[in-house]
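Please read the structure below before turning to the comments.
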Amino acid sequence: MPNDCISYQESGYFSSLINDYLNEKPELKALYHRFPNLENFKLQLEEKGRNFNDNDNFKRKILVSVLEKQYESIEISKETKQNIRNLINPKTFTVTTGHQLNLFTGPLYFLYKIVSTINLCKELKSEFPVHDFVPIYWMATEDHDFEEINYFNFKHKKISWNRESFGPVGRLSIDGLEDVLAVFESEIGLGKNAEYLKNLFKKAYLEHTNLADATRFLANELFANEGLVIIDGDDADLKKSFIPYIKNELLHQTSFAEVNETIPLLESYSVQVNPRRINLFYIEDHLRERIVFENGSYAVLNTKMTFLEEEILKEVDNHPEKFSPNVLLRPLYQEVILPNLCYIGGGGELAYWLELKSFFESQHVTFPILLLRNSVLLATEKQATKADKLQLTWGDLFLNQQELFTQKTKLLSGFTIDFSAQKEALKKQFEDLHKIAEATDKSFLGAVKAQETKQIKGLENLEKRLLKAEKRVHQEHLNRIISLQNELFPNQSLQERKVNFAEFYVEFGEELIEKLLKELKPLQMEFKVVVL
């Protein structure tokens, strides 16, 4: 199969905002600091180096201490251990991706985010050898949208964890996951890879106390030998570094003002996230509710908790872990506590990051380089061979199904199913009739135009009927094409958003992750086809 990758812009699966960002459209340049290329990474390194101060040194010590504490209960590779130690060094920087705590990783793109991050670190180390680069997976432990993460799909079956959830999902106990494992075991079948996956699920979810610990174990098992470092931002010591920014948010609502000034620059696109006046939640083990300012005091919605200004500032000092940044404030928190160069995310994530540059500037925090994560279409050798026999390119398979059906019908036909030449000839004939009508009786002109419209319409109807007839003639061949596309694009959507990694791992084992690590090139910014 030729062309084992296509551009994101040509894939048809990305928003106009992301396409314009990738095309470096001048109108968007005010919304980001530097575009992701090696020259700009050099400039980002230089800027971060210039701005380094004693406070950054202190924050690095806290970061290393917290990470060592968070990793106490699991065995880690020498690569991960070394990367955590390296973070104390001012010449070490991070590349970060973030993701929800989806059950058993959720959809495939969980892997692609992390592999993109690991591979970019390798490329940066090769280009800038005096520095070290640490791949970070930021677990979204403080989210509360349990319905978004409590399931994964395996071979067209939705395997769900059914229970009630309140508060930050990272603190959620693993009650009920024995039942999920039983369903998974009944679906996965036999074999070495199936046994590995069952044991991986069991060790991750039945031998840990909460969802954050389980997810850390799972991601560490899959990527530890690549030096991946996993961080949980739901931590009192890390939040201490963020106290000045929490207080600024409560007292001045700077994020609301700055983001609202930026939003008009995005008026030709749909805005991803609209800011609240206060972009903070108050959290406890079973509580995550917005903080609002009403009638001269601060209140936690859906509770009886209220604070005067002096009281809430004291609460921030004493319990910073109870203040949780929302989707617009979390990027600032991340960049404050990490020595970060680049954030790698999906199209939706980059869309809300693009709202934040002026807010970062107001807080005197360097805005990271934004990189669209790798997207991948996984195919088997059998599917690639089938595509060859059907004379399909990978680009063909990305087409809208109706467009693919029509395009291939026209190619399979022994004659042209396109009456454009006939319509053009007809229009030229009617040009002469228009001239005659204008020269003789202008009332005749309306009749000529009506007849022209009728005959053009007649040709278009004949074209459609011929196309329909040819589709019937080539129905068997076309059905094979559509069947293959449906295998690769379940429900006519991207495989990476629907399918869990276990579906491929059970057949291909370690080859799956090995191939991703070998083939994904983050800075090439192309939709990659990986054949297993």
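The values are calculated or read from the model by the stated rules, or taken from the named source; none is laboratory data. Remember, predicted model here, so these are calculated numbers, not experimental data. Cβ coordinates were reconstructed from backbone atoms using ideal geometry, including for glycine residues, and neighbour counts include every protein chain displayed. These accessible areas exclude ligands, DNA and RNA; they are computed on the full protein's heavy atoms, side chains included. Shrake-Rupley method; radii C 1.70, N 1.55, O 1.52, S 1.80 Å.
With respect to residue 84, is the statement that it is farther than 26 Å from residue 285 by Cα, of a type in the set (A, V, I, L, M), in contact with a Leu (Cβ under 9 Å, 6 or more places away or on another chain) and at pLDDT 95 or above true?
Working: farther than 26 Å from residue 285 by Cα: yes; of a type in the set (A, V, I, L, M): yes; in contact with a Leu (Cβ under 9 Å, 6 or more places away or on another chain): yes; at pLDDT 95 or above: yes.
So residue 84 fits the description; yes.
Out of all the residues in the stretch 471-501, which are part of a helix (DSSP H, G or I), under 26 Å from residue 149 (Cβ atoms) and either open to solvent by 20 Å² or more (accessible area, probe 1.4 Å) or touching a Lys or Arg at 6+ places or on another chain (Cβ under 9 Å) (or both)? Selection gives 490, 491, 492, 497. Pairing each residue of the stretch 482-499 that is aromatic (Phe, Trp, Tyr) with any residue that is modelled with pLDDT of 95 or more, provided the two are 6+ apart or on different chains, yields C-beta distances under 8 Å for 489/495. Residues in the stretch 224-247 that are assigned to a helix (DSSP H, G or I) and open to solvent by less than 30 Å² (accessible area, probe 1.4 Å): 5 in all.
When the helices (runs of 4 or more DSSP H) confined to the stretch 1-68 are screened for residues that are more than 21 Å from the chain's Cα centre (by Cα), those reaching at least 3 such residues are found at 38-50. Listed by first and then second residue, the pairs linking a residue in the stretch 5-29 that is in contact (Cβ under 8 Å) with a residue 24 or more places away in the chain to a residue that is β-branched (Val, Ile, Thr) and surrounded by fewer than 18 Cβ atoms within 10 Å (Cβ to Cβ), with Cβ atoms under 9 Å apart and 6 or more places separating them unless they lie on different chains, are 6/393.
Looking across the stretch 30-56, just one residue is farther than 23 Å from residue 521 by Cβ, free of Cβ contacts under 8 Å to residues at least 40 places away in the same chain and surrounded by 12 or more Cβ atoms within 10 Å (Cβ to Cβ), and that is 52. In the condition set (1) under 30 Å from residue 132 (Cα atoms); (2) of a type in the set (D, E, K, R); (3) open to solvent by less than 50 Å² (accessible area, probe 1.4 Å), residue 258 is compliant with all but (1). Filtering the stretch 160-170 down to residues that are of a type in the set (Gly, Ala, Ser) and assigned to a loop (DSSP other than H, G, I, E, B), which residue is nearest to residue 500 (Cα to Cα)? Of everything passing the filter in the stretch 160-170, 165 is nearest to residue 500 (Cα to Cα).
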